[in-house]
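The values are calculated or read from the model by the stated rules, or taken from the named source; none is laboratory data. None of these values were measured; they are calculated from a predicted model. Here the Cβ is made from the backbone with ideal geometry for all residues, glycine too, and neighbour counts use every protein chain on show.
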Amino acid sequence: MFSKEELDRYSRHIILPGVGARGQRKLVDARVLVVGAGGLGSPVLTYLAAAGMGCLGIVDDDKVDLTNLQRQVLYHTDDVGKLKTTAATERIRALNPNVQVSAYPERLSRQNIRSIIRAFDLIIDGSDNFPTRYLVNDACILEGKPLLYGAISQFEGQVSLWNTSTHEGARGPCYRCLFPSPPPPGSVPSCAEAGVFGVLPGVVGSMMAVEALKVLLGLGTPLAGVLLHYDALESDIRRIRVQRNVDCVICGDEPQQHDLIDYRAFCGL
C-alpha cells in the first residue's frame with residue numbers, strides 16, 4: 001500500500017497506462033546502482049530518485065570540482081571539495097526522502113565490484129574511462145546483471161543496454177561484442193582534454209534514465225541489441241543494430257574468460 005504522500009508524489013506515474021500502482025510498486029521495490037556520479041550520473045540519479053527508486057547505489061571516489069559545475073547539475077557551488085557521493089546523497093534525500101541511498105565512495109576494482117553489484121537489479125555505467133567500462137561489463141556478465149551504458153565525447157553521445165534479452169527474445173550482446181578491445185592509449189581524449197558540450201550529458205543521461213525506467217517497468221522496447229547515437233550539433237539520432245558475438249571472450253558460446261582481469265593493463269595504461 002502507498003501512503004497518502006506517496007500517492008500524491010507519484011500520481012502522474014500511477015495514472016499512466018502501462019504503469020499504474022503495480023508499476024510504481026516495481027520502482028519502489030527496485031535497486032539500481034549508478035557507476036559514476038558525474039555528467040551522466042547527475043540526470044540519471046535525479047530522475048530515478050524523482051521516480052521513486054527503492055534504493056539508489058552510487059559508486060564514485062571523486063570530489064566535486066569547480067570544473068564539474070558546467071555540466072554536473074546535481075551539484076552546487078557550495079559542494080566544491082565534497083565527496084560526490086556525499087553531495088549526491090544530500091541532493092537525492094532533499095528531492096525524495098523515500099529513496100534509500102547506498103553510497104560507495106571508492107574506486108571499483110576486481111576485488112570489490114562483484115560483491116557490490118550483486119545487491120542490485122540493474123547496473124548503470126556512466127563512467128568516463130575504458131578500464132572501468134570493461135570492468136563493469138565483465139562483472140555484470142559474471143553476475144548475470146543487465147547493464148545500461150552511456151558515454152559522451154564533445155558533442156556526441158551513446159546509449160545501449162547490454163547483457164539482457166532483445167525485444168525478439170534473443171540473447172543480447174555485451175559491451176565487448178561491440179568493442180572487443182580498447183582503443184590505443186591516448187587515442188580517445190578525455191573530457192578534460194577535449195572538452196564537452198555542457199548540456200550533452202543532460203540529454204544522454206536523460207535517455208539513460210528513460211531506458212532504466214523502461215527496463216524496470218517492462219515498458220516499450222529497450223535498447224538491447226541497439227546502440228543509440230546522438231549528435232547534438234546535427235540534432236541527429238541514429239539506431240545501430242549490434243549483434244551478440246558468439247565468439248566473445250566473456251559472453252560468447254564458449255567464453256574464454258571466466259574471471260576479472262587487470263583492466264588497466266588490458267587498456268594499455
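Screening the candidates V80, V64 for the property of being over 24 Å from E211 (Cα atoms), of a type in the set (A, V, I, L, M, F, W, C) and in contact with a Lys or Arg (Cβ under 6 Å, 6 or more places away or on another chain) yields one hit, V64. All conditions in (1) under 14 Å from the mean Cα position of the chain (by Cα); (2) under 20 Å from G36 (Cβ atoms) hold for V196, with the sole exception of (1). Exactly one residue out of P105, P183, P201 is within 17 Å of G41 (Cα to Cα), more than 14 Å from the chain's Cα centre (by Cα) and not hydroxyl-bearing (S, T, Y): that is P105. Among the conditions (1) of a type in the set (A, V, I, L, M, F, W, C); (2) farther than 14 Å from S102 by Cβ; (3) touching a helix residue (DSSP H, G or I) at 6+ places or on another chain (Cβ under 7 Å), the only one that V28 does not satisfy is (3). Any chance the stretch 16-26 includes a residue that's outside any loop (DSSP other than H, G, I, E, B), in contact with a strand residue (DSSP E or B) (Cβ under 8 Å, 6 or more places away or on another chain) and basic (K, R)? No, every residue in the stretch 16-26 fails to be outside any loop (DSSP other than H, G, I, E, B), in contact with a strand residue (DSSP E or B) (Cβ under 8 Å, 6 or more places away or on another chain) and basic (K, R). Annotation note: Cβ proximity below 6 Å between a residue of the stretch 124-143 that is farther than 17 Å from H258 by Cα and a residue that is surrounded by fewer than 22 Cβ atoms within 10 Å (Cβ to Cβ) and among the basic types (K, R) (sequence gap 6+ or interchain) occurs for P131/R264. Residue count for the stretch 29-41 satisfying the condition of being surrounded by 18 or more Cβ atoms within 10 Å (Cβ to Cβ) and within 14 Å of A212 (Cα to Cα): 7. What about C248, is it surrounded by 17 or more Cβ atoms within 10 Å (Cβ to Cβ), touching a Lys or Arg at 6+ places or on another chain (Cβ under 7 Å) and outside any loop (DSSP other than H, G, I, E, B)? So C248 fails the test.
Remark: E6 falls outside the filter, which requires a residue to be more than 26 Å from K214 (Cβ to Cβ), assigned to a helix (DSSP H, G or I) and not aromatic (F, W, Y).
The set of residues in the stretch 19-48 being of a type in the set (A, V, I, L, M) and either over 21 Å from L161 (Cβ atoms) or free of Cβ contacts under 8 Å to residues at least 12 places away in the same chain (or both) consists of A21, V28.
R241 fulfils the conditions (1) over 26 Å from M53 (Cβ atoms); (2) surrounded by 12 or more Cβ atoms within 10 Å (Cβ to Cβ); (3) of a type outside the set (A, V, I, L, M, F, W, C); (4) at pLDDT 95 or above except for a single criterion, (2).
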